[in-house]
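What follows draws every value from the coordinates through simple rules; no lab data is involved. None of these values were measured; they are calculated from a predicted model. Here the Cβ positions follow ideal geometry from the backbone for every residue, glycine too, while neighbour counts run over all protein chains shown.
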Amino acid sequence: MRASAKLIHVEDLKRCASKGILSDGQLEEILAAVGQAPPAKPEAHKGFNLPNICYYFGAMVIAFAYTYLVYRHWDALTYGHLLGMSLGTAALLAGLGYPLRYRWRFPTAGGLLIFAAVVLTPLTVYCVEHLMGWWPATGAGQYTQYFRVIHGNWIVMELVTIVVSGLVLWWVRFPFLTAIPAHAMWFLAMDIGALLVGSSGYSAHADWELRKQITVGVGLAMVAAGYLLERRTEEDYSFWLYLFGLLGFSGGLSLMRSQSEVAAFLGYFLPHLAMIPLSVFLNRKTFLVFGALGAYTYLGHLAFRVFPDAWVFPIVLGFAGLSLILATVLVQKHRATLRRKVDRQGFDRQKQYAEGCNDA
């Protein structure tokens, strides 16, 4: 029995593009190939241009206005008022953003409005916790302290924010949305330590060391997640994971106290130094910035703390920098010769392996 063939219509392809199965570029290529080129997008192309600057500046103005409103009138508003405001504002922004992005073909403008709606998730969760009686009556802080006080009570807000933003990101596929879960995971790395050790152990050395270790571990996990995500997507969904991951990883390492200079060299200088060539491999300037800052911090530590009065240290350091420049020049000059030798050695090894297989 012959299976009945199902025709694929243009609307089916557009739905695939809206769900991220096809990129916008792939959709346009397919439609052009079948003689149904889509209408030109009314929105400007991505990149550094005036419309995109206006979009992002407008999103910043919305965030500032809402933050200022809540901060100035916090004491006059009940948690019911705040919950209604956050849900109503989120519904308004998302209700405008979705048709802007998918119906009227303004993907950046619509994506930014959806982004602004998702940003209200922590405030919404905070109000729900208060109204349900789940928020501790004392010592937990107010939402206005969320961005400056490390406390274990924020963890539920951060977890819900990560889940909600992840679901929205899966449906909308707007790369800037990645900033929300990345930011929440960075905060989560700090607040998990506060939850594990308790607020009473804040000043204890062992507890403080545990917090820094957790921050480093979560930061490294975020970097790994960004790398895995980068290799599976055409658009840049990894930037914010890299940024906040490196903030946690490098910041945690910077706060740690090494037991010896050998430990500082191996555990701080070498990881930051490795970020510099890694930035070339990943084509990410973020790694270059954090790697260079960490390496210079370590060199400053050597100069002002380990060898403060050793006149030979700056000479050795300068010679090392000069050697690096000259070695790079030599490699650039003889790069073709070196590559031929490497290729020749690889060919000889393959030939020997093939001869060994034939003999066997």
Note: residue 330 to residue 229 extended length (0.36 nm per residue) minus current alpha-carbon separation gives 32.7 nm
Under 13 Å, Cβ to Cβ, from residue 258 - net charge with Lys/Arg +1 and Asp/Glu -1: +1
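Once you have the alpha carbon radius of gyration of the range 88-178, what is it after dividing by 2.2 N^0.38 Å, with N set to its residue count?
1.24
Name the trypsin sites (Lys or Arg not before Pro) in the range 76-185 that are in a loop by DSSP and that have at most 14 other C-beta atoms within 10 Å, would you? If you can, show how the numbers build up before the last one.
Numbers: sites: 101, 103, 105, 148, 173; in loops: 103, 105, 148, 173.
When the trypsin sites (Lys or Arg not before Pro) of the range 76-185 are filtered for loop state and at most 14 Cβ neighbours within 10 Å, 103, 148 remain.
Stretched out fully, how many nm does the piece from residue 14 to residue 341 gain, at 0.36 nm a residue minus the Cα gap?
Working: separation 327, 0.36 × 327 = 117.72 nm, distance 5.09 nm.
Length gained between residue 14 and residue 341: 112.6 nm.
To the nearest 0.05, how large is the calculated FRET efficiency for residue 210 and residue 67 if R₀ is 35 Å and r is the Cβ-Cβ distance? The partial results should precede the final answer.
Details: r = 32 Å, r/R0 = 0.92.
After rounding to 0.05, the efficiency reads 0.60.
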Out of residues 5 or more away from residue 22 or on other chains, whose amide H comes under 5 Å of its own, with H placed 1.01 Å from N in the peptide plane? 17
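Tell me, 114, 315, 276 in order of fewest to most beta-carbon neighbours within 10 Å? List each step's numbers first, then the result.
Working: 114 26, 315 10, 276 16.
Final ranking by Cβ density, sparse to dense: 315, 276, 114.
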What's the extension gain from residue 288 to residue 56 if we count 0.36 nm per residue and subtract their Cα-Cα distance? 81.0 nm
Give me the mean projected area, in nm² to one decimal, of the convex hull enclosing the Cα positions of the range 41-135. 6.7 nm²
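In the P(r) worked out for the range 76-124, what percent of Cα pairs fall beyond 18 Å? Numbers along the way, then the final one.
Working: 396 of 1176 pairs.
For the range 76-124, the fraction of Cα-Cα distances above 18 Å is 34 percent.
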Loop-only check: which chymotrypsin sites (Phe, Trp or Tyr not before Pro) in the range 94-124 are DSSP coil with at most 15 other Cβ within 10 angstrom? 104
Using only C-alpha atoms and all pairs of different ones, pull out the Kirkwood radius for the range 292-344 in Å with one decimal. 13.4 Å
Identify the residues of the range 240-280 with backbone N under 16 Å of a label point that sits 7 angstrom from the Cα of residue 310 along the Cα-to-Cβ direction, or state none. 260-266
